[in-house]
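The structure under discussion appears below in the form of structure tokens.
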Amino acid sequence: MGTRTGQIRSRRVKTGSGVVRRMQRCMPEGVATVLQRLDAAGAQSFVVGGAVRDLFLGRPLGDWDVATDLRPEQITELFTRVAPIGIEHGTVMVLTRTGPVEVTTFRGDGEYVDGRRPSRVVFHTDLEVDLGRRDFTVNAMAARRVVVDPFGGQVDLNRRLIRCVGDAKERFAEDGLRPLRALRFAATLGFFVEKATRAALPAALPTFAKVAWERKRIELFKLLCGVSLKPLFLLEESGMLEQLAPELFGVNARLVAMLEGAPPGWARLACWALARQVSPGGCRTILARLRAPKREQRMAENWLVANLDLGSKPPAGCELRRWLSRFGVEDAPAAALVARAWKGQRYLQFPTSVRQAIRVAPPLNVADLAINGRTVEDLGFAGKEVGLVLGSCLNFVLERPSRNRRRTLLEFAHRLSTGRSQQKNNTFFSPPIGFSDPRDPSLERDDDT
Ligand code: ATP
Ligand code: MG
């Protein structure tokens, strides 16, 4: 486990009263207003789920979810600005000055029929019923003036365990996403999956298969952002990896350590693909299967192409500019981080070199050249030749950015045109070796490379 996990391990889990105090200190104004309004209406109201867990752990806080015994229509009446998103599941989104707050009626779930969603939700007035339908003990706590923890969430936080609320087999059979969520929380919190919960993972596979790819993608992405990637062993052992990305089969300790050193998210998937010798197109296929946005598919594919193009030593100077020119400055910084994780020690400084090279803003594309297609046409080139000449000019400039002057490039292109009249094949479009403009003293310096 990486050092970041170690930091979490050494952090003390707060006590119940410590959490109530921290909650009062950290609570966004909008959440406090919502709770006060619910109090004034005589309702029970609690902060529930992830916020309570993260308050105990002293982690950065994300969404604050509120649960109450009021019905959705009663909640709606209490607030002037609401978005009735998810009202059929009992959730009203209250729009506050500090952002939206989800207020959900205490609910139990009706029967799960298809392993994905409950057939119906049943509203309750009992907080414990609401906590009982939640996935893991550490997510099944509520806090207000006191902490309500009927399933031993605090004990599991102290033991660093992800444990299902109730019988793991049954809970996984209800909702096939939960097995992957178990691994995701183990990764993000740096926790272990409790024995019975772990034992129930393989049997959950048929239900896992029914879950929408989008929901699986969100959890896999969060898993890949985790402080620990040890849960990847369980992802493979349980059979979930076989369904998600059989191409990536073969998790071992070296791979896990390498991926923990890579930037969180899909960059880790890209490193994993490199380690398993998956092609760039294959990596794209995995992300397409997971219904990732096209932009993310292209980006990961590009990272792989960029890395396959790198040698054992990091490129510098002219080679680095060529690399940047090929992959574009947009994807290059992330591709460089992937390279650092994948290639190891020799590429330690590579992301810094890439950032520095980009900061200097050298000409990297035909559009950055000091001449354009019109200029080339004026020299007598036509049709496809224009693009070839501009490509040659770009190569010439990538060698030394200070060559990007109109006069120098005109002279260079002119030489190409002279070459054309002498040669019948296309080789004249390669830049003449050692070409330099004698009228331009800056060309004699070789300080760009
Ligand atoms: P994060 O900080 O990553 O958002 P979170 O605990 O808030 O963590 P969410 O996915 O936002 O996780 O869910 C909010 C809460 O809703 C959880 O803490 C849990 O109590 C409950 N929950 C979410 N998904 C499920 C599920 N599939 N089955 C049971 N309970 C769930
Ligand atoms: Mg959340």
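The values are calculated or read from the model by the stated rules, or taken from the named source; none is laboratory data. Keep in mind it's a predicted model, so treat the numbers as computed, not measured. So basically every Cβ, Gly included, is an ideal-geometry build from the backbone, and we count neighbours across all protein chains shown.
General remarks:
One line per residue, one yes/no per condition, for (1) within 13 Å of ligand 1 (Cβ to nearest atom); (2) in contact with an Asp or Glu (Cβ under 6 Å, 6 or more places away or on another chain); (3) assigned to a strand (DSSP E or B):
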| residue | (1), (2), (3) |
| --- | --- |
| 114 | no, no, no |
| 125 | no, yes, no |
| 138 | yes, yes, no |
| 170 | yes, no, no |
| 182 | yes, no, no |
| 187 | yes, no, no |
| 198 | no, no, no |
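- Looking only at the stretch 336-362, and only at residues there that are at pLDDT 95 or above and in a loop (DSSP other than H, G, I, E, B), the one that is surrounded by the fewest Cβ atoms within 10 Å (Cβ to Cβ): 348
- Filtering the stretch 134-146 to residues that are within 16 Å of ligand 2 (Cβ to nearest atom) and at pLDDT below 95 leaves nothing.
- Test: residue 126 is of a type in the set (D, E, K, R) and within 21 Å of residue 197 (Cα to Cα): no
Yes/no matrix, rows are residues, columns are (1) out of contact with any Leu (no Cβ under 9 Å at 6 or more places or on another chain); (2) modelled with pLDDT under 90; (3) among the polar types (S, T, N, Q):
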site	(1), (2), (3)
374	yes, no, no
384	yes, no, no
399	yes, no, no
422	yes, yes, yes
444	yes, yes, no
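- Scanning the stretch 22-72 for residues that are away from ligand 1 (no atom under 16 Å from the Cβ), assigned to a helix (DSSP H, G or I), out of contact with any Lys or Arg (no Cβ under 9 Å at 6 or more places or on another chain) and not hydrophobic (A, V, I, L, M, F, W, C) yields a total of 6.
- Where residue 322 falls short, out of the listed (1) in a loop (DSSP other than H, G, I, E, B); (2) among the basic types (Lys, Arg); (3) more than 21 Å from the chain's Cα centre (by Cα): (1)
- Any hit, the stretch 92-104, residues being in the same structural domain as residue 56 (by TED's automatic domain parsing), in a strand (DSSP E or B) and either aromatic (Phe, Trp, Tyr) or over 18 Å from residue 64 (Cβ atoms) (or both): no
- Residue within the stretch 147-156 that is within 16 Å of ligand 2 (Cβ to nearest atom), part of a loop (DSSP other than H, G, I, E, B) and small (Gly, Ala, Ser) present: no
- Residue count for the stretch 37-74, restricted to those that are more than 16 Å from ligand 2 (Cβ to nearest atom) and within 17 Å of residue 142 (Cβ to Cβ): 8
- Qualifying residue in the stretch 246-255 (condition: over 23 Å from residue 305 (Cβ atoms) and part of a helix (DSSP H, G or I)): yes
- Some residue of the stretch 172-185 being closer than 21 Å to residue 46 by Cβ, in contact with a helix residue (DSSP H, G or I) (Cβ under 9 Å, 6 or more places away or on another chain), within 16 Å of ligand 2 (Cβ to nearest atom) and not assigned by TED's automatic domain parsing to the domain that holds residue 53: yes
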